[in-house]
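**Student:** What follows is a structure written as structure tokens; I'll ask about it next.
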Amino acid sequence: MTVETTHSSSTYPLDTYWSPVVHRLTPYVPGEQPKLSHPVKLNTNENPYGPSPKVLDAIHAELADTLRLYPDPNAERLKQAIADYYTITPAQVFTGNGSDEILAFAFQALLNHSTPLLFPDISYSFYPVYCGLYAIDFTTVPLAEDFTLHIADYLRPNGGIIFANPNAPTGRLLPLADIVWLLERNRDSVVVVDEAYIDFGGDTAIPLVDRFPNLLVVQTLSKSRSLAGLRVGLAVGHEHLITALERVKNSFNSYPLDRLAIAGAVAAFEDRQHFEHTRQKVMTSRTELTVALSQLGFEVLPSTANFVFARHPKHDAAALAAALREQQVIVRHFHQPRIAQFLRITVGRPDQNAALLAALTHMLTEG
Ligand SMILES: *Cc1c(COP(=O)(O)O)cnc(C)c1O
């Protein structure tokens, strides 16, 4: 049988199949996962150390006949493990397929109101993408010249506030006292604190959720717990906020976490020793990398994350990133106002940081 085509694809307007919302979207562009043979991969803030061996054992144990069964839609074991870790109740915990998914649910469930949502002009670039997806009106609030966040700038009518702490891609930390100050004055809308990097030296806002029913704290296992490939995130807040997230989740996908993810994530929270050991190593290397980059003439922002944000007064950041790539060293550069001269460099293992510094030393002394 032959299929007769009446329109050639060159003349038929294929994009009429797209819904108007798809035409409108500007999707997020994730950092590259390079196909190079031995890249020094310092571009997406993954942990340079592997996950706990206990996580791998737990996942192996889950590779069984039971994979034919759906996982627990509520991931109760994981919520309990997180509640034990933070001394809260499982009803205050939400879990999802990476914190990106949880953020998406939060934008839809809690941050989509008629007054504009507020977030910093320099922040996680997924926030405006979610606003596009859900048609949320937003206003960006400029960070100060030194990239610190001034909380008083957020005291205005808003449909919600979201910021990353430590901020991405700057690495700068907002003290917990400032978050309290804001929460005391902003009672009518939800404040979401995205703590993707909090374990690298900051204090979590989770203990504040009992005092402030409009605070939602979002975390991920992708960075400090070395599980970016497993896709697990969590949120902690008042039960009422968690219920809103559950309502969206259960209108979208009942099983965001599979059996392997639940088993691995539980083990990750149980193995505190591996977590402490690896995050200490990252923090020590961050200090060493900051000193070494400064000696090469870089201005390095103080970082409380597993990356540093640095600029060289005499060398163009995009050119440096391209030259590093030729040496198989991958860092992140954002073509964006105010930060186009910065490089975001993930803190790697000592050998990876040494490779980065060797390549930079070569370039900066050649040119
Ligand atoms: C990495 C990152 C996330 C996303 O983490 P996943 O859990 O891997 O989706 C969220 N927010 C910020 C600021 C991040 O840097």
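**Student:** Pull up the stretch 75-85, narrow it to residues that are surrounded by fewer than 19 Cβ atoms within 10 Å (Cβ to Cβ) and in contact (Cβ under 8 Å) with a residue 12 or more places away in the chain, then point me to the one that is nearest to the ligand (Cβ to nearest atom).
**Tutor:** Residue satisfying both the conditions and the ranking: Tyr85.
**Student:** Please name all residue pairs, on different chains or six or more residues apart, with Cβ atoms under 9 Å, provided the first residue is in the stretch 156-171 and is touching a residue at least 40 places away in the same chain (Cβ under 8 Å) and the second residue is surrounded by fewer than 22 Cβ atoms within 10 Å (Cβ to Cβ) and acidic (Asp, Glu).
**Tutor:** As it stands, the answer is Pro157/Asp188; Asn158/Asp188; Gly159/Asp137, since those pairs meet every condition given.
**Student:** If you don't mind, another one. What pairs come up if the first residue lies in the stretch 272-290 and is without any contact (Cβ under 8 Å) to a residue 12 or more places away in the chain, the second is open to solvent by 50 Å² or more (accessible area, probe 1.4 Å), and their beta carbons are under 7 Å apart, counting only those six or more places apart or on different chains?
**Tutor:** Filtered contacts from the stretch 272-290: no entries.
**Student:** Out of Phe147, Phe107, report the one residue that is at positive phi and either in contact with a strand residue (DSSP E or B) (Cβ under 6 Å, 6 or more places away or on another chain) or of a type in the set (Phe, Trp, Tyr) (or both).
**Tutor:** Unique residue meeting the criteria: Phe147.
**Student:** Are any residues in the stretch 225-282 over 15 Å from Ser52 (Cβ atoms), open to solvent by less than 10 Å² (accessible area, probe 1.4 Å) and out of contact with any strand residue (DSSP E or B) (no Cβ under 9 Å at 6 or more places or on another chain), and if so, which ones?
**Tutor:** Correct list: empty.
**Student:** Select from the stretch 218-246 the residues that are free of Cβ contacts under 8 Å to residues at least 60 places away in the same chain and within 22 Å of Thr87 (Cβ to Cβ) and write down the one among them that is nearest to the ligand (Cβ to nearest atom).
**Tutor:** So, considering only residues that are free of Cβ contacts under 8 Å to residues at least 60 places away in the same chain and within 22 Å of Thr87 (Cβ to Cβ), the one nearest to the ligand (Cβ to nearest atom) is Leu221.
**Student:** Another question, then. Do any helices (runs of 4 or more DSSP H) entirely within the stretch 249-367 hold 2 or more residues that are closer than 23 Å to Val29 by Cα, and if so, which?
**Tutor:** Output list reads 317-326.
**Student:** Go through the stretch 180-194 and count every residue that is open to solvent by less than 70 Å² (accessible area, probe 1.4 Å) and away from the ligand (no atom under 16 Å from the Cβ).
**Tutor:** 6
**Student:** Within the stretch 32-84, count every residue that is part of a loop (DSSP other than H, G, I, E, B), over 16 Å from Ala263 (Cβ atoms) and not hydrophobic (A, V, I, L, M, F, W, C).
**Tutor:** Number satisfying all stated conditions: 15.
**Student:** Does the stretch 102-117 hold any residues that are within 21 Å of Pro169 (Cβ to Cβ) and surrounded by fewer than 24 Cβ atoms within 10 Å (Cβ to Cβ), and which are they?
**Tutor:** Scanning the stretch 102-117 gives a single hit, Ala104.
**Student:** Just checking, which of Tyr197, Tyr255 is away from the ligand (no atom under 16 Å from the Cβ) and touching a residue at least 60 places away in the same chain (Cβ under 8 Å)?
**Tutor:** Tyr255
**Student:** Any chance the stretch 202-209 includes a residue that's under 19 Å from Ile345 (Cα atoms) and without any contact (Cβ under 8 Å) to a residue 40 or more places away in the chain?
**Tutor:** No, the stretch 202-209 has no match at all.
Residue-wise test of (1) in contact (Cβ under 8 Å) with a residue 40 or more places away in the chain; (2) over 21 Å from Ala196 (Cα atoms).
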position: Ala305; (1), (2): yes, no
position: His312; (1), (2): yes, yes
position: Ala318; (1), (2): no, yes
position: Ala321; (1), (2): no, yes
position: Glu326; (1), (2): no, yes
position: Val331; (1), (2): yes, no
position: Phe334; (1), (2): yes, no
position: Gln352; (1), (2): yes, yes
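The values are calculated or read from the model by the stated rules, or taken from the named source; none is laboratory data. Just so it is clear, the model here is predicted, and its values are computed rather than measured. Ideal geometry is used to build each Cβ from the backbone, glycine not excepted, and the neighbour counts take in all protein chains shown. When the accessible area is computed, the model is the full protein with side chains, heavy atoms only, and any ligands, DNA or RNA have been set aside. Shrake-Rupley method; radii C 1.70, N 1.55, O 1.52, S 1.80 Å.
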